[in-house]
Every structure is written in C-alpha cells, then in structure tokens.
Amino acid sequence: MENKLSLMNSKFETVAWGLLLIWWGVTDTDFGLIPSLPAGAGWIGIGFILLGLNAARALNRISVRGFTTFLGICSLTVGVLKLTRSILELPPIEIPLFPILLVTLGMFLLLRELMRFRKAELGS
C-alpha cells in the first residue's frame, strides 16, 4: 500500500511540475505566449497548481507537504495583490519581493530542521 501511495505521489508531482513549466512558458513577462494576461495571473496560476497538488494528495490519503502549501499560499497572495493593484490602477510599490520570499523560505526550512533536531533530542 505504501509503495502504491508513493507511486501516486510521484505521478502527482510530475503532473504539477509539467503544469508549472507550461504555465511559466505561457505567462513569462518577457517571452510569454500570452502577453496580454493581467498582472498577477502567473502568480495566481502557480498558487493554484501547488495548492491543487496538495489537494490531490489529501484526497488520495497522501500526506500533504507544508512546503508546497506555503509556496502555494504565498504565490496566490502575491498574485491577488498584483491583480488588485492593476485593477485599481494603483502606482507600483517597489518591494524586493523575490529576495524576501527566498529569505522567508530559507528561514522556514531552517526552523523546520531545528525543530526536528530538538524533537529528536527530546525523544532520546
């Protein structure tokens, strides 16, 4: 049973990666195939793909990954904010979003590992 779930999870991940790469190619701001998409559409699509991956996992009794859930929520939030700003025609705010996202993800990974080490120490 465990092998079947692992195989199914692998297939879900492959589909998600395929969708992410296709979506990135379609929505890329410099070379995208559909340049007229509204601001934030790329981020929103990425968020839905990642959250959809975890929804498929949950529906098939496969453990949901916190990392991809976190990335999906972040992507969806950024996309909605960008879309809202473009609809309301607000001036752009120059926030180094990508570096902030990288630092946040790095902190998330480090804290998760530190909590695992602490849990292992308490268990032994």
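Nothing in this text is a laboratory measurement; each read-out follows from the coordinates by a stated rule. A quick note: this is a predicted structure, and the numbers were derived from the prediction, not measured. Because the Cβ atoms are built from the backbone with ideal geometry, glycine has one as well, and the counts that use them run over all protein chains shown.
Annotations
- Principal-axis tilt of helix 97-123 within the chain, Cα atoms, nearest 10 degrees: 10 degrees
- The chain, relative contact order [Cα under 8 Å, separation at least 6], %: 21 percent
- Loop GluC sites (Glu not before Pro), the range 13-94, which have at most 14 other Cβ atoms in a 10 Å radius of their Cβ (DSSP): Glu89, Glu94
- Relative exposure of Arg57, Arg116, judged by other C-beta atoms within 10 Å (fewest first): Arg116, Arg57
- The range 1-41 - Rg and Dmax from Cα coordinates, angstrom: 15.1, 46
- Dipole size of the range 51-124 about its Cα centre, with +1 on Lys/Arg Cβ and -1 on Asp/Glu Cβ: approximately 400 debye, rounded to the nearest 20.
- Calculated FRET efficiency for the pair Lys119/Leu33, C-beta based, R₀ 41 Å, to 0.05: 0.30
- Shape call, the chain: gyration tensor on alpha carbons, a/c limit 1.5: oblate
- Only one residue of Ile22, Leu83, Gly66 has its Cα farthest out toward the positive end of the dipole of the chain, where Lys and Arg carry +1 and Asp and Glu -1 on Cβ, and that residue is Gly66.
- Restricting the range 19-101 to chymotrypsin sites (Phe, Trp or Tyr not before Pro) in coil, as DSSP defines it, with at most 12 other Cβ within 10 Å: Phe31
- For the range 2-91, size of Cβ-based charge dipole, Lys and Arg +1, Asp and Glu -1, in debye: 360 debye
- CD proxy at 222 nm, helix term only [per DSSP H run n ≥ 4: -39500 (n - 2.57); per residue of the chain; nearest 500]: -26500 deg cm²/dmol
- Where labels lie 7 Å past Cα in the beta-carbon direction, separation of Arg85 and Val26 in nm: 2.4 nm
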